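Report on the following structure.
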Amino acid sequence: MFMQAALNPTQTNQGISVVITGKIFDTNEIPVSNTVISIQVTNPQGTSVHLAVAYSAKDGTFQDSFEIPSNSPGGNYTAYMVADKPGYDTARVTLSFNYSTPDFSMQSSTISLVLRQGDTSKMAITLLSIRNFNEPVNLTALNLPSGVTVQFTPASLTPSGSAQVTITASQSAQIGNFTITLLAVSGSLFHTVSFQLEIIQGPINSTFVVIPAVLIIVFIGLVLIQRRRRRSRKRAALEELLKASEADKGYVATARVIARLEELRATNQVDESTYQKLKREYEKRLEKSK
């Protein structure tokens with residue numbers, strides 16, 4: 001006795017519906033009726049998920065059906081069929097089919113992004129339903145560098161749908177190139193997409209430019225004022241010296257003027273050329289007054 005059989009899986013909202021059809025016939029290809037067909041179906045872990053007995057009709061055909069729920073494990077399902085009838089040899093057929101559980105895919109609107117410190121940019125991610133997946137998916141971001149935040153709007157959605165992603169770099173965000181991973185999780189299912197984020201230096205804050213400039217201007221002004229004061233003091237000291245030398249040209253007075261001139265030179269209140277000129281003049285005057 002011989003057996004022909006086929007599996008016909010069909011996707012449904014609840015999972016997958018499987019129909020087994022077949023035919024029993026003898027060596028002369030004459031249909032064999034009233035044959036007992038034992039059917040066993042196992043999941044990818046080898047556990048039986050369906051047991052049944054079918055009988056062949058007058059034309060030798062038989063049929064059986066069963067359902068695989070949407071939360072069943074994905075992988076290869078195997079159907080073992082054995083046909084028995086007294087007076088005939090046993091016929092055996094083994095068939096298998098692959099079942100993939102409902103799932104979702106994840107896509108990003110960009111693969112790279114350049115962001116200045118202090119700036120914000122937006123992108124989008126799209127979740128697509130596969131095999132009628134309709135469970136909520138939570139969104140989050142991984143591997144964020146210092147000073148960078150990522151916000152999802154909404155933070156959870158049911159495929160198919162899209163979410164806006166807002167990426168913000170603070171004024172002190174870490175500069176460099178980074179790989180940012182966006183993660184979508186629903187139960188035991190998860191998917192990721194990644195994009196390259198480059199953080200570059202932001203514009204210099206004008207407040208920090210104006211303040212040093214003002215300080216520099218004030219400093220220069222103070223220096224100029226100080227220099228003027230020193231020059232004024234030098235002129236005053238020199239004028240005092242000259243008045244003293246003119247008022248009394250005697251020996252002692254001239255010696256005092258020379259001593260005062262040395263003091264002014266030591267305290268840097270008279271320049272070198274003036275000092276040398278006056279020193280020669282007063283030394284000559286001192287010689288004459290002896």
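Which FRET efficiency value, to the nearest 0.05, do you get for ILE220 and GLN196 by plugging their Cβ-Cβ distance into 1/(1 + (r/R0)^6) with R0 = 41 Å? Before the final figure, lay out each step's value.
Working: r = 47 Å, r/R0 = 1.15.
Approximately 0.30, to the nearest 0.05.
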Placed amide H near GLY118: partners under 5 Å, 5+ positions off or other chain
ALA169, SER170, GLN171, ALA173
Obtain the nm distance between the two label points defined at GLU262 and GLN276 by a simple spin-label model: each point lies 7 Å from its Cα along the Cα-to-C-beta direction.
1.9 nm
Spin-label model distance (nm) - ASN132 vs SER188, 7 Å beyond Cα toward Cβ
2.1 nm
Under 5 Å, built H, 5+ apart or other chain: amide partners of THR61:
ILE24
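Just subtract the alpha-carbon distance of GLN14 and SER96 from 0.36 nm times their residue separation and send over the number in nm, one decimal. Present the calculation step by step, with values, prior to reporting the outcome.
Numbers: separation 82, 0.36 × 82 = 29.52 nm, distance 2.05 nm.
Residue separation times 0.36 nm, minus the Cα-Cα distance, leaves 27.5 nm.
Multiplying the sequence separation of GLN63 and GLU283 by 0.36 nm and subtracting their Cα-Cα distance, what value in nm do you get? Walk me through the intermediate numbers first.
On the way: separation 220, 0.36 × 220 = 79.20 nm, distance 13.96 nm.
Full-extension gain reported as 65.2 nm.
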Pulled fully out, how much extra length does the chain show between VAL53 and THR140, if you take 0.36 nm times their separation in residues and subtract their Cα-Cα distance?
26.3 nm
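Quick one: work out Rg over Rh on the C-alpha atoms of region 103-200, Rh as Kirkwood radius.
On the way: Rg = 13.8 Å, Rh = 13.7 Å.
Over the Cα atoms of region 103-200, Rg/Rh equals 1.01.
Read-outs: derived from the displayed coordinates by stated rules, not from any lab. Because the structure is a prediction, the values reported are computed rather than measured. Ideal geometry is used to build each Cβ from the backbone, glycine not excepted, and the neighbour counts take in all protein chains shown.
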